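Worksheet: the structure to be examined is printed underneath.
The values are calculated or read from the model by the stated rules, or taken from the named source; none is laboratory data. Nothing here was measured: the structure is a model prediction, and the numbers come from that model. Every residue, glycine among them, receives a Cβ derived from its backbone with ideal geometry; neighbour counts consider all protein chains shown.
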Amino acid sequence: MATRSEAVATGAVPEAQEALRGYPQKPWRILPFLGPAFVACIAYIDPGNFATNIAGGSKFGYTLAWVIVASSLMAMLIQLLSAKLGIATGRNLPEMCRERFSRRTSLGLWVQAELIAMATDLAEFLGAALGFHLLLGIALFPAALLTGVTTFLILGLQRFGLRAFEAVIAGFVAAIGACYLAELYYAHPPLGTVGLHMIKPEFQGSESVLLAVGIIGATVMPHVIYLHSALTQNRVVPQNDAEAHRLYRYTQVDVVIAMTIAGLINLSMLVMAASTFFRSGLHDVTSLVGAHRTLVPVLGGASGTLFALALLASGLSSATVGTLSGQVVMQGFIRRRIPIFWRRLVTMLPALVVAAIGLDPSRTLVLSQVVLSFGIPFALVPLVWFTSRPEIMGTLVNRRLTTAVAVLIAAVISALNVFLLGQTFFG
């Protein structure tokens, strides 16, 4: 990452630098500040979310819609804190850990973060391969090779600048949203019932509680907590406290818009599954392949194509973002960098092995999410701690209420993930 002075010299996003100095602003002046949260939000609509949302809708109808609303609100606050850390300090979260903790602690955090990044990348890469497999009808291994080539091409867009890469990722988010909007058109959900379940907390037995825990437990993705702070640390550099506060207000808009879109897409997944599978008496649709296979006879061939396209867009974009997160983790914790294409090549190997030997991709997705759960406290706790310290954050330090809510969210999500791990291994 560039230093703060380097960012000023190069003008990370020149339009945004100009906008910071001319207040009050025209409404369209927000545009240069949009982007980082759209890159981060892709992790909240990755293939793992497809699996949990479809399972929730097919088993319990619209009952768990409120869980998605609650988890989206929690994710919104956490991504805001991550973005704010980068703005206030000019450092990303791994760099702050390296500076504030012992070398041994930083090395331990780096090792676990790399393992989490690999598990995350495995799920996302396999999700994209499944998308190609379902869309083109090719075997999973050639689909995985095609996924590798495509992600290399997407990563290559960085040579055209930050905004070009952000625009492509935002385009993927829009594509996923458009596919699910069309799916809802075919499904004809009862909007009044959906709206009621969005604000009415309830469960249907112990299994629904466990599935709700799975949805909430997968809310916070450790790798994008690290990444979001890196995306904002030098993108636009404020020159004084007034500009820093103005930049944070713009960043809030970016996060709210992006995370709201991600939440609506997740909600659409659950509603689609409830409107098609649950209402048809198909309560055991838990795999992505099974969901695609079942959609076609229920809603027609177009719905299956839309599902495959959405899964493909989700997998490709989230796999690319995961690779960037790995770079941030290594550079931040241990001050080492490797060419991003080498990182992409190394991290895609486990997924290629899974595809080559014929392991069940849906089962592999679930296991990767279990591994991911281990890393959540190691990202959340330092984030909340750093953003609550005035000597670190300056005038952008958290308010007491913000810190209290963040501590509560961190404790709840960490506890839920411990519970989920216990149920997975001992339940």
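Some observations on this one:
- Candidates 104, 163, filtered to the one that is modelled with pLDDT of 90 or more, among the charged types (D, E, K, R) and part of a helix (DSSP H, G or I): 104
- Scan of the stretch 128-146 for residues that are crowded, with 21+ Cβ neighbours inside 10 Å and either out of contact with any helix residue (DSSP H, G or I) (no Cβ under 6 Å at 6 or more places or on another chain) or farther than 17 Å from residue 357 by Cβ (or both), ordered by number: 128, 131, 132, 134
- Matching residues, the stretch 217-253, being basic (Lys, Arg) and under 28 Å from residue 412 (Cα atoms): 249
- Members of the stretch 147-165 found to be within 17 Å of residue 46 (Cα to Cα) and either within 19 Å of the chain's Cα centre (by Cα) or buried (at least 18 other Cβ atoms within 10 Å of the Cβ) (or both), listed by number: 147, 148, 151, 154
- Boolean, residue 310 is part of a helix (DSSP H, G or I) and modelled with pLDDT under 85: no
- Counting only helices (runs of 4 or more DSSP H) wholly contained in the stretch 181-235, the ones carrying 1 or more residues that are exposed (fewer than 15 other Cβ atoms within 10 Å of the Cβ) occupy 191-199, 206-217.
- Scanning the stretch 266-286 for residues that are farther than 22 Å from residue 71 by Cα and either charged (D, E, K, R) or touching a residue at least 24 places away in the same chain (Cβ under 8 Å) (or both) returns 276, 277, 278, 279, 282, 283, 284, 285.
- Residues considered: 77, 115, 31, 85. Of these, the only one that is out of contact with any strand residue (DSSP E or B) (no Cβ under 9 Å at 6 or more places or on another chain) and under 15 Å from residue 259 (Cα atoms) is 77.
- Selected residue (only one of 124, 114 is buried (at least 21 other Cβ atoms within 10 Å of the Cβ), touching a residue at least 40 places away in the same chain (Cβ under 8 Å) and within 21 Å of the chain's Cα centre (by Cα)): 124
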